[in-house]
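Take a look at the structure below.
The values are calculated or read from the model by the stated rules, or taken from the named source; none is laboratory data. Please read these numbers as outputs of a predicted model, since none were measured by experiment. All Cβ positions, even for glycine, are placed from backbone atoms using ideal geometry, and neighbour counts span all protein chains on display.
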Amino acid sequence: MAAENVRVRFAPSPTGYIHIGNARTALFNYLHARGTRGAFILRIEDTDRERSRKKYEETLIEDLTWLGLDWDEGPYIGGAFGPYRQSERIEIYREYLEELLCEDKAYRCYCTPDELEARRKEALAAGASAAYDGRCAKLSAAQRARFEAEGRPFTYRYRLPHEKVVIDDVVRGRVVFDTSLDGDVIIWKSDGLPTFHFAVTVDDALMEISLVLRGEGHLPNAPIQVLLARDLGFLAPGFAHMSQTLAPGGGKISKRRGGMSLREFRESGCLPEALANYIALLGWSPRRSDEVFTIEEAVSLFDVTQLTKASASFDPGKFSFVCRRHMQAADPARLADLAGPFLEKSELEAPDASYLRRVLAIARHRAEKCADFPDLLRPYLAEPVLGEEAMEILREQGALEVLEVFAERLQAAADTGEEALKAAFEETRERTGRKGRGLYMPVRVALTGTVTGAEIVEIVPVLGVERVTARLRAAIEAVAAG
């Protein structure tokens, strides 16, 4: 198919918050569309009346926008193939249902859910197929009339042809399905709404979707949709069924296991470009040595034929690595805006925007997400708390002498440049005889209250001579008092 005819869609149901697996489907469709100069369509499949919620649709839109994805057609922006909510397309589906009924390719089924469940259990107990036995397909006119007179609810079933269906899947290769053991499929529910199979088949055809790129869990649905499309007079789209995305340690991603929703990542202050980068690595390996890239670079690199068949597990360690790399590349001014709400919640405040940017320039290298900033920035925005670990270091023999000499030398020099700091530490080493950890660690804990963090040569210039010497002397007094 010519590149200009590529049309792909992301079609979520607004029944919960979008999670990593859903986001990957959206991202891969987006990358394929942008890389081929095709169209990316957002379609809302909201025909589940009981579980669909407007708030989930609104959050979905916010999450996709935050992740950096935009769509060419869909809710709120429209398009030539709308409407783009299935709940607004019911009359379209009715027309195609009537077509199937007129051609006797569909029929009313009066079986109740309880009856179907009882028969399913009987069949399984007898070692037989649990597929629908087709009894309503054979009802006489009198039987149908009796059910109608009773006011019994009904669904519509599609007379599923029994044949072999070949799917040439872009990811899976050639897959052959035999539908001879499958029962007729419900395509219209008793509540007056179409089922997933029917609505999706009609929508994909009318919206001219060229490739259905979705999770492997939908692979068994493909033959039904191919046959439905044929009986409705449509050409079926191509298919590419991606590998499953698993939660850390394996297992299906679900709300019960923590959800891993985009909303959670967004609220934690994860950078959207970092999350998009990591999601892209779940089941796809770009042909480059560095796996850290922007979404724009991913567009130029993405090839749907390179998607792997093996399941992809969310790796917290690799995710952290990718997040840190993007944090290191981020503009401190942008980070200052993002950090604001997190600092405010922790009751931390920078004296001014310039100072906050300077602090973030050195602290961002150790951050994975913006929620990390309060702890990382606390030593620069509040006086250090000297806990037991810090006090043990300061009580070591010679530690106070290091603080005294270093403070004296730094105050005399009135310079926080790298060469001046080197000279101050060298003189401190010569006068105290301490070196390595014994030389640097007392200064670190006195200035920050922590044993890890930025290098001292980064910390001192930000704090300034006056604040540094004040903290060194406060540490000396704390040890003397304790």
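So the values come out like this:
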read-out	value
Considering residues of region 354-371 that are closer than 11 Å to residue 327 by Cβ and touching a residue at least 40 places away in the same chain (Cβ under 8 Å) only, the residue farthest from the chain's Cα centre (by Cα)	363
Scope region 429-463; condition among the aliphatic types (A, V, I, L, M), part of a helix (DSSP H, G or I) and closer than 24 Å to residue 388 by Cβ; matching residues	439, 441, 443, 445, 446, 447, 456, 459, 463
Out of 344, 368, sole residue that is more than 30 Å from residue 283 (Cβ to Cβ) and among the acidic types (Asp, Glu)	344
Inter-residue pairs, beta-carbon under 7 Å, first over 18 Å from residue 275 (Cα atoms) and in region 292-310, second assigned to a helix (DSSP H, G or I) and not small (Gly, Ala, Ser), 6+ apart	304/32
Residue list for region 180-194, filter: out of contact with any Pro (no Cβ under 6 Å at 6 or more places or on another chain), on the phi < 0 side of the Ramachandran plot and surrounded by fewer than 19 Cβ atoms within 10 Å (Cβ to Cβ)	180, 181, 182, 183, 189, 191, 193
Test result for residue 272, surrounded by fewer than 20 Cβ atoms within 10 Å (Cβ to Cβ) and farther than 14 Å from residue 369 by Cβ	no
Residue satisfying all of: in region 451-462; more than 16 Å from residue 392 (Cβ to Cβ) and within 38 Å of the chain's Cα centre (by Cα); surrounded by the fewest Cβ atoms within 10 Å (Cβ to Cβ) among these	455
Search result, residues across region 293-317 that are within 17 Å of residue 69 (Cβ to Cβ) and of a type outside the set (D, E, K, R)	293, 294, 295, 298, 299, 300, 301, 302, 304
Test: residue 23 is assigned by TED's automatic domain parsing to the domain that holds residue 278, touching a strand residue (DSSP E or B) at 6+ places or on another chain (Cβ under 7 Å) and part of a helix (DSSP H, G or I)	no
Counted residues, region 219-242 - those being of a type in the set (Phe, Trp, Tyr) and surrounded by 21 or more Cβ atoms within 10 Å (Cβ to Cβ)	1
Flag if residue 76 is among the hydroxyl-bearing types (Ser, Thr, Tyr) and modelled with pLDDT of 95 or more	no
Every pair of residues 6+ apart whose Cβ atoms lie under 6 Å, when the first sits in region 426-450 and is surrounded by fewer than 19 Cβ atoms within 10 Å (Cβ to Cβ) while the second is outside any loop (DSSP other than H, G, I, E, B)	427/409; 429/439; 431/405; 435/429
Entirely in region 71-184, the helices (runs of 4 or more DSSP H) that have 3 or more residues that are more than 20 Å from residue 232 (Cα to Cα)	113-125, 141-150
Unique match (being within 16 Å of residue 275 (Cα to Cα) and at pLDDT 95 or above) among 25, 36	25
Residue in region 272-291 that is in contact with a helix residue (DSSP H, G or I) (Cβ under 8 Å, 6 or more places away or on another chain), farther than 28 Å from residue 172 by Cβ, at pLDDT 95 or above and of a type in the set (S, T, N, Q) present	no
Selection status of residue 59, surrounded by fewer than 21 Cβ atoms within 10 Å (Cβ to Cβ), in contact with a helix residue (DSSP H, G or I) (Cβ under 9 Å, 6 or more places away or on another chain) and among the polar types (S, T, N, Q)	yes
Count of region 397-422 residues which are surrounded by fewer than 16 Cβ atoms within 10 Å (Cβ to Cβ) and within 49 Å of the chain's Cα centre (by Cα)	5
Residues of region 299-326 that turn out to be over 25 Å from residue 366 (Cα atoms) and in contact with a helix residue (DSSP H, G or I) (Cβ under 9 Å, 6 or more places away or on another chain), as a count	10
Pairs, first over 15 Å from residue 137 (Cα atoms) in region 108-123, second modelled with pLDDT under 90 and surrounded by 11 or more Cβ atoms within 10 Å (Cβ to Cβ), C-beta under 8 Å, six or more apart	120/130; 123/129; 123/130
Criterion: touching a helix residue (DSSP H, G or I) at 6+ places or on another chain (Cβ under 9 Å) and assigned by TED's automatic domain parsing to the domain that holds residue 338 - qualifying residue of 366, 431, 395, 409	366
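Quick grid of which residues meet (1) closer than 25 Å to residue 246 by Cα; (2) small (Gly, Ala, Ser):
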| site | (1), (2) |
| --- | --- |
| 15 | yes, no |
| 19 | yes, no |
| 28 | yes, no |
| 35 | no, yes |
| 41 | no, no |
| 47 | no, no |
| 54 | no, no |
| 72 | no, no |
